Structure formats: C-alpha cells, structure tokens
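This report refers to the structure that appears directly beneath it.
Values quoted throughout were computed directly from the atomic coordinates according to the rules given, and no laboratory measurement underlies them. Bear in mind the structure is a predicted one, so any value in this text is a computation, not a measurement. Heads up, the Cβs are rebuilt from the backbone with ideal geometry, glycines too, and the neighbour counts pull from every protein chain shown.
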Amino acid sequence: MKSFKKIRQQVLLTAIVCMRAFVSQLAFGVSAFVEDGAGRVLLVRHRFGHGWALPGGGVGANEPPELAILRELAEEVGLAENHPPELFGLYTRRILWATNVIALYRVPGARIAFKPNFEISGIVWADPSAPPPETHASVLLRLAELTGKTQPNGYW
C-alpha cells in the first residue's frame, strides 16, 4: 500500500503537469502547398477571415499529420487526387498564451473538386511567384521559401 506521502507527491506532480499544460497550451496544425500540374499553388478564402491563405487545419488526437493534411484538404477543398504529401517544414507561431506548431506539406499532382462550404468560400490557383492581392503576409513568406527567394526560418 502506498504511503500518504507518495500519494500526495503523485497528486502534486499531476496538478503541476496539468497547470503547465493549461498555461503553455500547444496546438498542432497542418497546412499545404497544394500543387497542380502547371506549377500553380492552391489558395483559399476562409469565410471567417479575409485574404488568401494556404489550406489546412488542426491535427486530431492521435492522428498522424500526413493523414491530417489529406483529411483537411478533402474536407475543405474536395481533394480528389494527389501524389503523396512531402513534408516541407515545421514552423512555430505564438497566439496569445498558446503556441502553434504547423507542419507544412507539399501536395503535388492535385486535382480538386471544390464546392463552397461552411469554412471556405472560394479558391484560386496562383503562380507562387505572383500571388494575388490580399494574400496573407505569412503565405507570402511561405511562397518565397517555396520558390527559393528566401530560406525557411521556422517562424510562421
């Protein structure tokens, strides 16, 4: 039988771990350069925001990120066909007290069957060297990395 002291230590340790998880929350997301056969990259317009962004979303509990990006692309833009995803890089971004870690993939050879939905109101296939006006600043940086105009720096 465990002593009271051991039980108290375990309870305190559990409480500390729980408090640290609450204070330093971590969200894991995925995003993608969805590429067609013509060298263009898919950008999306979210209903809840403005401007053009890369498609993506959250990684579910116990879900591998490579599967999460394929699931998100199927849900958001109707991904119908693609070559296997290739990890492009890992990035971090701080939002308030939380930290986001984003796995960015290249998804080549994509075919999309897009229909506007609850989350995405529109899409555009863009030349990565000449993205459309209103493209998010973070996406402009990622596209510059994709085209070799700058080196990835790890910050979203």
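Based on other C-beta atoms within 10 Å, arrange Phe28, Phe48 from fewest to most.
Phe48, Phe28
What FRET efficiency comes out for Ala98 versus Thr150 if R0 is 35 angstrom and r is the Cβ-Cβ distance? Round to the nearest 0.05.
Efficiency for this residue pair is about 0.85.
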Problem - Residues Ser31, Ser129 arranged by fewest to most Cβ contacts within 10 Å - result: Ser129, Ser31
Fill in the blank from the handout: Computed from every Cα-Cα pair in the range 27-156, P(r) in 5 Å bins starting at 0 and rounded to whole percents is 2, 11, 22, 25, 24, 13, 3, 0, 0
Practice task
Of the DSSP beta bridges with both residues in the chain, give the percent that are antiparallel, rounding to the nearest 5.
Solution key: 65
Exercise for the section: In debye, nearest 20, what is the charge dipole magnitude of the chain about its Cα centre with +1 on Lys and Arg Cβ and -1 on Asp and Glu Cβ, if you could check? Expected result: 1060
Practice task
Arrange the following residues from fewest to most other Cβ atoms within 10 Å of their Cβ: Phe118, Phe88.
Solution key: Phe118, Phe88
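What relative contact order, as a whole-number percentage, does the range 42-84 give when Cα pairs under 8 Å and 6 or more residues apart are counted?
Numbers: 34 pairs, mean separation 11.1, N = 43.
Reported as a whole number, the value is 26 percent.
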Practice task
With springs only between Cα atoms under 10 Å apart, run a GNM on the chain and tell me which of Ile69, Ile123, Ile95 wobbles the most.
Solution key: Ile95
